[in-house]
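Data first, discussion second: the structure below is written as structure tokens.
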Ligand SMILES: *Cc1c(COP(=O)(O)O)cnc(C)c1O
């Protein structure tokens, strides 16, 4: 079975983790700040705060931005559940926005209309989470302009998009957002096994992210409300969590980050090969916006069912049977019973639903061989022209 995604681990990665195991610190040592420094160097963001997952980093981002009961967060109807669960974790409400059928990212027209409508009803969200689906950045200039006009905070869920660029800058630079979040889950671009990061250019947000990730506790006397009782003293300033990343994870992440550009260019090579090979087949291939370079976390095709004699399910099953670990990213959030029961407002999104009936994620990861690619191409050709 060729999986849809897979990590690439080499001897240097293994050595980096082994070195930590032999060192004094398994957690709260030098590797976490080193990984954070490297993430800043790579993205050009001023601050990075890593955690044990992107899910945790999204929650931290929402807490740092002050999201609470009575507030609302908006995000795309097609994303992973974590993009909105961060709001529920803060006791806030969620509303969804339909996708653009070409880029699979949030639809700018729908967003603009919804904002106008919400402004009139005094029902604007506190936060918008822009998800960079499959690794391609949203049109952040446009989204920034809209959110700024209404004073809404902006989080980039860049879980798919470390290594991608937008408007000549690396995704994660936070030029157009308050906070950007990366995931280091093994199927993503680089991995720390489990892990995430929240990046920002705002010193106050960076400080909050760091505090909240470790119980809300500080050891900085200047930040305390009372004089320290002694050298042992620490003070809890607010309610946080323990979302810390271990030293083993940070060492692996830092080692992986050295190879990111190679990973992304191999992904792009595979994507280009697919797109060329699928020309003429009853398949819509990913549409790219002009000002961006995707990190190609996913390669998602959409079946042109009206030109085919087989169904979406039949194609999916035939690809699986033929040895491809194809997948479907994602089930529309409003089809998830839990989320459906909690979202407010509209619960029907025609582009997202149409996408869900046609989309398939094909294998794409750096260590795919040319033979693997050829096998994918020929099976897709067989199955879709049948
Ligand atoms: C993977 C993913 C997450 C969650 O990442 P974890 O590190 O597994 O918590 C959040 N949002 C999106 C869009 C993702 O793909």
Give me the residue from segment 162-185 that is part of a strand (DSSP E or B) and within 13 Å of residue 58 (Cβ to Cβ) and, out of that set, nearest to the ligand (Cβ to nearest atom). 183
For segment 335-346, which positions are touching a strand residue (DSSP E or B) at 6+ places or on another chain (Cβ under 8 Å) and more than 16 Å from the ligand (Cβ to nearest atom)? 342, 343, 344, 345, 346
In segment 102-123, residue surrounded by the fewest Cβ atoms within 10 Å (Cβ to Cβ) [restricted to those that are on the phi < 0 side of the Ramachandran plot and in contact with a strand residue (DSSP E or B) (Cβ under 8 Å, 6 or more places away or on another chain)]: 123
Restricting attention to helices (runs of 4 or more DSSP H) lying wholly within segment 318-386, give those where 1 or more residues are within 30 Å of residue 125 (Cβ to Cβ) and out of contact with any helix residue (DSSP H, G or I) (no Cβ under 9 Å at 6 or more places or on another chain). 337-342, 350-356
In segment 124-144, residue surrounded by the fewest Cβ atoms within 10 Å (Cβ to Cβ) [restricted to those that are within 16 Å of the ligand (Cβ to nearest atom) and in a loop (DSSP other than H, G, I, E, B)]: 136
Which pairs turn up if I take residues in segment 166-190 that are closer than 18 Å to residue 299 by Cα and look for partners that are within 13 Å of the ligand (Cβ to nearest atom) and not in a loop (DSSP other than H, G, I, E, B) with beta carbon separation below 6 Å, at least 6 apart in sequence or on another chain? 183/54; 183/196
How many of the residues making up segment 255-280 are in contact with a strand residue (DSSP E or B) (Cβ under 9 Å, 6 or more places away or on another chain) and assigned to a loop (DSSP other than H, G, I, E, B)? 1
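Each row is one residue, and each column tells you yes or no for (1) within 16 Å of the ligand (Cβ to nearest atom); (2) more than 24 Å from residue 55 (Cβ to Cβ); (3) assigned to a helix (DSSP H, G or I); (4) over 17 Å from the mean Cα position of the chain (by Cα).
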{"site": "146", "(1), (2), (3), (4)": "no, yes, yes, yes"}
{"site": "160", "(1), (2), (3), (4)": "yes, no, no, no"}
{"site": "210", "(1), (2), (3), (4)": "no, no, yes, yes"}
{"site": "229", "(1), (2), (3), (4)": "no, yes, no, yes"}
Working only within segment 186-208, note down all residues that are within 16 Å of the ligand (Cβ to nearest atom) and assigned to a loop (DSSP other than H, G, I, E, B). 186, 187, 188, 189, 190, 191, 192, 193, 194, 195
For segment 81-101, enumerate the residues that are touching a residue at least 60 places away in the same chain (Cβ under 8 Å), surrounded by fewer than 19 Cβ atoms within 10 Å (Cβ to Cβ) and within 16 Å of the ligand (Cβ to nearest atom). 81, 88
Unique residue being in contact with a helix residue (DSSP H, G or I) (Cβ under 6 Å, 6 or more places away or on another chain) and more than 22 Å from residue 64 (Cα to Cα) when the list is 170, 121, 116: 170
Would you call residue 335 surrounded by fewer than 19 Cβ atoms within 10 Å (Cβ to Cβ) and under 21 Å from the mean Cα position of the chain (by Cα)? yes
Give the residue that is surrounded by the fewest Cβ atoms within 10 Å (Cβ to Cβ), with candidates limited to residues of segment 50-68 that are within 12 Å of the ligand (Cβ to nearest atom) and within 12 Å of residue 154 (Cα to Cα). 58
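Bear in mind that the values in this text are calculations on the coordinates, not laboratory data. Since we're looking at a predicted model, the values are computed, not measured. Reconstructed Cβ throughout: ideal geometry from the backbone, glycine too, with neighbour counts over all protein chains shown.
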